[in-house]
Structures are given as C-alpha cells and as structure tokens.
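The numbers here are math on the coordinates, done by the rules we state, and not lab data. Nothing here was measured: the structure is a model prediction, and the numbers come from that model.
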Amino acid sequence: MRDEVDAEISSLEKEALMVKINVFETEPMQKLDQQLKAFTEAQVKVEQYLDIRRELRTLIAKYNAKSGVYDLLSKDGLLFAREQRQRNILVWAKVMPRLSDEAMKRKIEYAKHSDRVTNDLEFVVLPPEHVAQVQKELEETKRARRKIQDQLIILNVKTEIPIPSALAKLMIELGLD
C-alpha cells in the first residue's frame, strides 16, 4: 500500500508548474488557467496522499511496537554488531596467527641480538582454541540472526492492521482500495 501511495505522489508531483503557449495561441490566458487548475488539484491530492502515508506509517509503527517487531530489530542490531566483531577477530587470526611458544622465544632471542631501533615486539594473543571458540560463536550468532529474520517475516505476514474508517474512505475515494 505504501508503494502505491508513493507512486501516486510521484505521479502527481509531475504536474507542470509551467505551460508552453504558442505565440499564435488565441486564448493564452485560458490555457494558463487550465494548467493552474490542474496543478492546484494535483497539489490537493498530493497533500491527501501525504496524509494517508503519514497515518499508515503511524499505524505501522504502533503495530510494530505492539507486535514486537522493534524488539526483534533491536536484537538483530546487537547480533549484527556482534557478528561483525567476530568476523574481524577471525580475519586477524587468519592473517596473523599466534606463534607457538618456541617460535616466540626464538623471535625474542633474535631481537635481543639484532640492531633493532626498538626493543618492543608485537605478538598476537589469540591461541588456536580461542579462535575456534570465536568461530563457533559466529555460527551461533548467524543462526540467531536467521531465526530473528524468520520471526520478522512471520510477523509481517500475520499482523493485520485495521484501517480507521475515515482513512479507508479517503483511500477508496482516491482509488487506493
């Protein structure tokens, strides 16, 4: 329904503010008045459609809150952020895996005897078992997000929003039934 309203608004907003008048036109003012009338009528309808769109959005917002859609979207937002964090950890773990204890000791000993400018070395802290745990958590997060998406689809299909009679009447008058 919102798409239909938006399409009507878009169509009506194209009603010309200007009109071409041929210099040999016998009734230029009449043509000008006709276009003004068409433009004015279109603007009145645009306002009606904007009111319909606003009322529909308000109704949908109320029912989204009432049916739990906003709660689900909030949870999905949290899970999305968690999923991104988990993916980033796994990317870093793949690019720079943690060295074995022996490899770290060799690197430290080598650095002690080199002509390095700094005495500091950086090492990745995530052991392989931690990386495996993050991978497992990522899969759980993705499953939870899929479940929320399924719940949202069910709510969108099952939720019926009663339209107030005044709004329904206006929609019918404008051909949006």
Under 17 Å Cα-Cα from Lys20, which aspartates and glutamates qualify once same-chain neighbours fewer than 8 residues away are excluded?
-> Asp33
Identify which of Ala132, Ala111, Ala65 has the largest mean-square fluctuation in a Gaussian network model of the chain, with springs joining Cα atoms closer than 10 Å.
-> Ala111
Cross-link reach from Lys37 to aspartates and glutamates, straight Cα distance under 12 Å and at least 8 residues apart if same chain, gives Glu15
Take every Cα-Cα pair in segment 68-160 and report what % of them are more than 19 Å apart.
-> 59
Label corresponding to P(r) over Cα pairs in 10 Å bins from 0, in percent when calculated from the structure given, among [x] 8, 18, 16, 14, 12, 11, 10, 7, 3, 1, 0; [y] 10, 36, 30, 14, 6, 3, 1; [z] 9, 33, 31, 18, 8, 1, 0 = [x]
Between their Cα atoms, which of Lys14/Lys169; Lys45/Lys169; Lys66/Lys147 are more than 18 Å away from each other?
-> Lys14/Lys169; Lys66/Lys147
Using the alpha-carbon centroid of each, what span in Å lies between segment 141-177 and segment 25-72?
-> 20
Mean residue ellipticity (222 nm) of the chain, computed from DSSP H runs ≥ 4 via -39,500 (n - 2.57), nearest 500 = -25500 deg cm²/dmol
